[in-house]
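The values are calculated or read from the model by the stated rules, or taken from the named source; none is laboratory data. None of these values were measured; they are calculated from a predicted model. Here the Cβ is made from the backbone with ideal geometry for all residues, glycine too, and neighbour counts use every protein chain on show.
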C-alpha cells in the first residue's frame with residue numbers, strides 16, 4: 001500500500017483541488033492519500049466534503065481527511081492530525097524547517113501533551129537524513145508535503161494493504177512500513 005500522508009489542496013495553499021490531488025496520486029499508483037490542508041485556512045464544510053470524496057472514490061484509494069495545525073507551545077511548529085474511525089495519527093512535521101537538532105526533536109516528542117506517533121524525515125518531498133536517526137525516539141516517515149503537481153510522488157511510505165485507517169495507523173506506530181523515494 002503506497003501512502004501519501006501530507007498533501008495540500010486549494011482548501012489552503014495548494015494548487016490542486018482535492019479531487020485533482022487524489023487523482024494525481026492515483027495516477028502514480030498510490031493507494032492512500034491524506035489531504036492535510038492548513039487548519040486555519042480550511043472552510044467549515046471541509047471534513048464533510050472530504051468524507052464524501054472518500055466515499056465517491058471508495059475502492060480506488062483510501063482518502064483521509066486530516067489537517068496541519070500550528071502547535072503554539074512550540075512557536076507554531078506544524079503538526080499533522082489525521083483521524084481514523086476510532087483513532088488519531090499525529091505526525092511531527094518537517095523538523096528541518098525549524099532547524100531542530102535531534103535532541104530538540106526528542107524534547108518535543110517527550111514534552112508533548114499528547115502522543116506523537118511519528119516524525120517526517122523529509123522536507124517538501126526531499127529526504128532529510130539528519131533526522132533519520134535511531135536516537136530519535138519514534139518512527140520516521142517520508143512525505144511529499146505536496147502543494148502542486150510537481151511535488152507529487154517524491155517520497156512516501158509503503159505498508160501492507162489495510163482496509164481501514166486505524167489498522168494503517170497501528171502499522172505506522174509499530175514501524176511496519178518502508179520509506180520510499182523516487
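Observations on the model:
- Out of 97, 153, sole residue that is touching a residue at least 24 places away in the same chain (Cβ under 8 Å), surrounded by 14 or more Cβ atoms within 10 Å (Cβ to Cβ) and assigned to a loop (DSSP other than H, G, I, E, B): 153
- Some residue of the stretch 55-73 being part of a helix (DSSP H, G or I) and either in contact with a strand residue (DSSP E or B) (Cβ under 6 Å, 6 or more places away or on another chain) or modelled with pLDDT of 90 or more (or both): no
- Restricting attention to the stretch 31-44 and to residues that are buried (at least 20 other Cβ atoms within 10 Å of the Cβ) and under 17 Å from residue 155 (Cβ atoms), the residue that is farthest from the chain's Cα centre (by Cα) turns out to be 32.
- Of all residue pairs spaced 6 or more apart or on separate chains, those with beta-carbon atoms under 6 Å, a first member in the stretch 34-53 that is at negative phi and modelled with pLDDT under 85 and a second member that is part of a loop (DSSP other than H, G, I, E, B) and crowded, with 16+ Cβ neighbours inside 10 Å are 41/12; 42/11; 46/11.
- Of all the listed residues (169, 114, 162), the sole one being under 19 Å from residue 65 (Cα atoms) and part of a loop (DSSP other than H, G, I, E, B) is 162.
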